[in-house]
Each structure stands twice: as structure tokens, then as C-alpha cells.
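What follows draws every value from the coordinates through simple rules; no lab data is involved. This is a predicted model, so every value here is computed, not measured. Here the Cβ positions follow ideal geometry from the backbone for every residue, glycine too, while neighbour counts run over all protein chains shown.
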Amino acid sequence: MTKKMLAAMASGLALIAAVPAIAQQGGSPMTAATTQGPILSFSVSEEVRSRPDQATVGAGVTTTAPTAVEAMRANAAAMDRLIAAAKARGIKAEDIQTSGINLSPQYDYSNRTDGQPPRFLGYQVSNTVRATTGRIDDIGPLLDALVAAGGTNIEGPWFGMKDPDAQLVGARGAAIKAAEAKAADYARLAGYRGAELVSISEGGFAGPQPPMPYVRMEMAADAKSTPIEPGRVSNTLTLNVQYRLVR
């Protein structure tokens, strides 16, 4: 091994030894040092909670008939009444969407004897549509109208925001300030003068309220409107940042 190679190795080891080491803290590791200074990588998040401005509900009907064709026809007629009820509550056609159709044979297994097959009962069809509206206060009456029109399988409501990104406008400034403070704290702890921003990227996750359980509803003619509490929906902004520590 030549003297030049030995000198280069010694120089490299000296540079590595001169780099301060910082243990991982709170999931924020510092990467290997560069010639300008160590690079610090971490993420910061800001959550925004707001009253939702739209909601989606699902409603469906289940029909049974001796043949598949009859079951589908009966279900189609029932769904026509359901969709008409949604439109009568002000839901636009483009905001009504079929979310699932299921056709399956039905058998009676209760009276089986040895060697005897189950008794065939007919065909069952389940069909569900989802309706989206910006009239949050009308969700209860909408559900009541769907049930009154024959809907028995109710899903939702799911609450959300029409423009989730607009909800995060104020969160970006707060996230930047939090990142700057965190980077400055790491720099101080590591014995550096400060930190310079190298890169930044944004990621966000809109977290809607979890849906209500799948239920079957029956209402008396004189029952009050179904109470619905929208609460607040959360939207989380995440910034992934890199800072270079400087002396």
C-alpha cells in the first residue's frame, strides 16, 4: 500500500471522527455528515379540525323472489322509489351513486335430514346507493325520507370537507414554524450555530369521521326526525424537511 493511499485513509478517518454524533430522538435521526455540515431529517405534523361541509349516506333495499329475474325487477322498482325520495330532498342526480348490487340464491338449512339437500327458497337481491349533500342539517330528514320510501339498509353518514386542502392553509405556517424551532433545538444541542433549510415536501391525510354502523331502520309515522351530530372532521398536514447544521 502506497504512502498516498495511507495518507488518504488517515484523512478520511479524521474527517469522520470530527463529525458530532447525535442519537435518534423522537423519531428524528440525523444522517451522515456532508462536507458543508451534517444533514438533519425529520417530519412535523399539524392537525386541523373543522365542522364538515358535506356528508354522504348510503341506503338500500333487499328483495326476494322465486327467480333471479323477478328478484331483480322487484329490487329495481324499490330502488326507483328510493332514488326519487333522495331527489325530492334536493339531492342532485350526479350526487347519487350506486355502491353495490348483490344477487344470491337463498336456501333453508333448518330442516335438513341426513342425505337431503337444503331447500331452495329463491333469489335475494341487495342494492345500495350513496347520496352526497352539502346540507348537513338535512341529513336526519334525508335518512327519514329514504326509510319512508322503503330503504331498510342504511349506511353512514360519512362526514368530510369539499376542499380538504383549503382547510390546511393556516396549518402550513404553523408547521414551518414548528420545523424551524425543532431544527434550531437540534443545532444547539449538537453545538452548532444554526440550521439551514435544504429541502421540504408535503404530505397530508384527510381523516373523515368513521362511518356509523350498518343498521336497519324502522320508523313510526309520528317519530321525530333522526338526530344527527356532525361533530368535527380532522385533516393532518405533514411536512418532511431536511436542514443542514451550520457552525
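What to note about this one:
- The gain in end-to-end length when the SER199 to ILE101 segment is fully stretched comes to 30.5 nm, 0.36 nm per residue minus the alpha carbon separation.
- Multiplying the residue separation of GLU70 and ASP163 by 0.36 nm and subtracting their alpha-carbon distance yields 29.2 nm.
- Low-density loop cleavage sites - chymotrypsin sites (Phe, Trp or Tyr not before Pro) in the range 103-208, where at most 10 other Cβ are within 10 Å (DSSP): TYR109
- Reported value for the range 31-159: 247 Å³ per residue, from the convex hull of its C-alpha atoms.
- Extension gain, ASN111 back to ARG51 (0.36 nm per residue minus Cα-Cα distance, nm): 16.3 nm
- Extent along principal axes [Cα atoms of the range 128-171; Å; largest to smallest]: 44, 20, 10
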